[in-house]
Amino acid sequence: MPRKVPARAVPPRFKAGWLAGIDRRYAPARVASETLAELHSALGGDLTPQQRLLCERVVWAHARLQQMEQHFATTGQLDASQWSGLTNTLLGLLRTLGLRRVAKDVPSLRDYIAQQPKPEEPQP
C-alpha cells in the first residue's frame, strides 16, 4: 500500500485539519503554522473549540489569498470575484474573533509568590 505523501499546497477548499496534511518543508505551510500560533497567542492562548476552528479558517483564507496574489503577480491573472469574496470572508472571520489582542490571565505578584514552594530552613 503506497504511503500518503503530504501535500505541498494549500487546498483550494477548506477542510478541517488541512494544516496537518501539508509538508512542513514547504514555506507556506511553515508560515501558516506560525500564523496559527500567533493568532492563538493574540487571543489569549486558552481558546474554545469554536475559536480554534475559526483560527484555522482564518489561516486557510489568508494562505489562499496569498497564493492568489502571488499567481496574479506572476501571470497577471486573477479571479477578482473569488479574491473579493475570500477577502470579505477573511474580514468577517477576523471580526468574529476580534481585532484586539487579548491579555493572558496572569496571577498577581503576591499570588505568584504564594504559589512558590517555600525554601527549606537549614538544619542546625
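For the reader, a short list of remarks on this structure follows.
- Per the conditions (1) of a type in the set (A, V, I, L, M, F, W, C); (2) farther than 19 Å from I22 by Cα; (3) surrounded by 18 or more Cβ atoms within 10 Å (Cβ to Cβ), the sole criterion not satisfied by L91 is (3).
- Set T87, T96, T74: member being over 19 Å from F14 (Cα atoms), free of Cβ contacts under 8 Å to residues at least 60 places away in the same chain and in a helix (DSSP H, G or I): T74
- Taking the conditions (1) surrounded by 12 or more Cβ atoms within 10 Å (Cβ to Cβ); (2) part of a helix (DSSP H, G or I); (3) β-branched (V, I, T) in turn, V102 satisfies each one other than (2).
- Here L47 clears all of (1) assigned to a helix (DSSP H, G or I); (2) surrounded by 14 or more Cβ atoms within 10 Å (Cβ to Cβ); (3) modelled with pLDDT of 80 or more except the condition numbered (1).
- Residue selected from the range 20-46 under the condition out of contact with any helix residue (DSSP H, G or I) (no Cβ under 7 Å at 6 or more places or on another chain) and of a type in the set (D, E), by the criterion nearest to Q67 (Cα to Cα): E34
- Within the range 11-37, the only residue that satisfies the criterion of being touching a strand residue (DSSP E or B) at 6+ places or on another chain (Cβ under 7 Å), at pLDDT below 80 and buried (at least 17 other Cβ atoms within 10 Å of the Cβ) is I22.
- Selection count where residues are closer than 15 Å to A20 by Cβ and among the charged types (D, E, K, R), scope the range 35-59: 3
The values are calculated or read from the model by the stated rules, or taken from the named source; none is laboratory data. This one's a predicted model, so the numbers in the text were calculated from it and none came from an experiment. Note that we place each Cβ from the backbone using ideal geometry, even for glycine, and neighbour counts take in every protein chain shown.
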